Amino acid sequence: MPALPAQGLLRHTREHYALPAGFYPLETIFLALALLALARCPSLEQARDTAPGERGRLLGLDRIPEVKTLREKLTVLCAEPGRAARRSAGLAREWMEATAPDSAGVVCADGHVRVYHGDLTALPRRYVARQKLCLRGTADYLVNALDGQPFFAVNAPVNPGLVALLRDVIVPRLLADAPGQPGAATLAADRAAVRLTVVFDREGSRRNSSPRPPPDGSPFLRIINSPARTGRRTSLPRRPSPWPTAKG
């Protein structure tokens, strides 16, 4: 639990959120929700089956808030759309500034499928590598530093592909928030200089990852050659060379 506030769980909460006067302050609600997430409770309803007294001692209380109370507090906190995104953007800028001396303008982007087991909506099917099946779910694209420190995440219920998200969402946000980018004079003097470098897997280099690939067959080349001057590092999908048939 002490690691959560150290990573910024309670940072800028009072600037973006406010709750009516009550027994549980804003910080307690954030810590209680984080504790349930660490305990792998997928919903607030399943918190009824946990021991409220034992969880409350971790928060310095006699018990954690009841499910009804948490639902009421969440309704108030989620009333204004875009509030969580603004706070997340501020935390991402602080984390990038803290890791700027070590990252040297290089970030990693990777996608993961979150399987949906409900029946309220028909989400598109995606291939889940760990189960080797096509299941309904959403895609989460995580942007991290080279050492794994997280910056931000992009959720895509309708997945347009890694290349489209890099071009339309991830790279513009990095150009706006990433610190330590070279200036216009440096970019003009060195044609090989880039503002930042994005590392991703071979999903971004596949020809079918973009709905309208350019004639040269490189979907991501449009980002590199754009005025944004961003570079990329990826692995090209290649067929393995056949084994030699001649006996040695």
Worksheet, complete the sentence: Filtering segment 4-32 for residues that are closer than 14 Å to residue 70 by Cβ and touching a residue at least 40 places away in the same chain (Cβ under 8 Å) leaves a count of 3
Item to complete: List every residue pair whose Cβ atoms lie under 6 Å apart, where the two residues are 6 or more positions apart in sequence or sit on different chains, the first residue falls within segment 35-46 and is surrounded by 11 or more Cβ atoms within 10 Å (Cβ to Cβ), and the second residue, located anywhere, is of a type in the set (Val, Ile, Thr) and assigned to a helix (DSSP H, G or I).
Response: 44/67
Worksheet item: Of the residues that make up segment 121-130, is at least one touching a Phe, Trp or Tyr at 6+ places or on another chain (Cβ under 8 Å), in a strand (DSSP E or B) and farther than 18 Å from residue 42 by Cβ?
Response: no
Worksheet item: among the aliphatic types (A, V, I, L, M), closer than 27 Å to residue 201 by Cβ, at pLDDT 80 or above and out of contact with any Gly (no Cβ under 8 Å at 6 or more places or on another chain) - does that describe any residue in segment 73-87?
Response: yes
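Here's the yes/no breakdown for (1) under 24 Å from residue 91 (Cα atoms); (2) assigned to a helix (DSSP H, G or I); (3) within 20 Å of the chain's Cα centre (by Cα):
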| residue | (1), (2), (3) |
| --- | --- |
| 1 | yes, no, no |
| 4 | yes, yes, yes |
| 14 | yes, yes, no |
| 19 | yes, no, no |
| 22 | no, no, no |
| 28 | yes, yes, no |
| 40 | yes, no, yes |
| 46 | no, yes, no |
Practice prompt. Determine the pairs where a residue that is over 20 Å from residue 86 (Cβ atoms), located within segment 134-161, has a partner that is β-branched (Val, Ile, Thr) and not in a strand (DSSP E or B) with Cβ atoms under 6 Å apart, the partner being 6 or more residues away or on another chain.
Written response: 145/99; 149/99
Worksheet item: How many residues are part of a loop (DSSP other than H, G, I, E, B) and either within 27 Å of the chain's Cα centre (by Cα) or at pLDDT 65 or above (or both) if we restrict to segment 165-219?
Response: 21
Worksheet item: Can you name every residue in segment 118-139 that is of a type outside the set (Gly, Ala, Ser), loosely packed, with under 10 Cβ neighbours inside 10 Å and more than 14 Å from residue 158 (Cα to Cα)?
Response: 119, 120, 130, 132
Worksheet entry | Unique match (being closer than 30 Å to residue 166 by Cβ, at pLDDT below 85 and acidic (Asp, Glu)) among 102, 119, 49, 110 | 102
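Would it be correct to say that residue 61 is over 23 Å from the mean Cα position of the chain (by Cα), farther than 22 Å from residue 176 by Cα and in a loop (DSSP other than H, G, I, E, B)?
Considered against the rule, which asks whether it is over 23 Å from the mean Cα position of the chain (by Cα), farther than 22 Å from residue 176 by Cα and in a loop (DSSP other than H, G, I, E, B), residue 61 comes out as yes.
The values are calculated or read from the model by the stated rules, or taken from the named source; none is laboratory data. All figures in this text were calculated on a predicted structure; none of them were measured in a lab. As a convention, Cβ positions derive from the backbone with ideal geometry for all residues, glycine included, and neighbour counts pool all protein chains shown.
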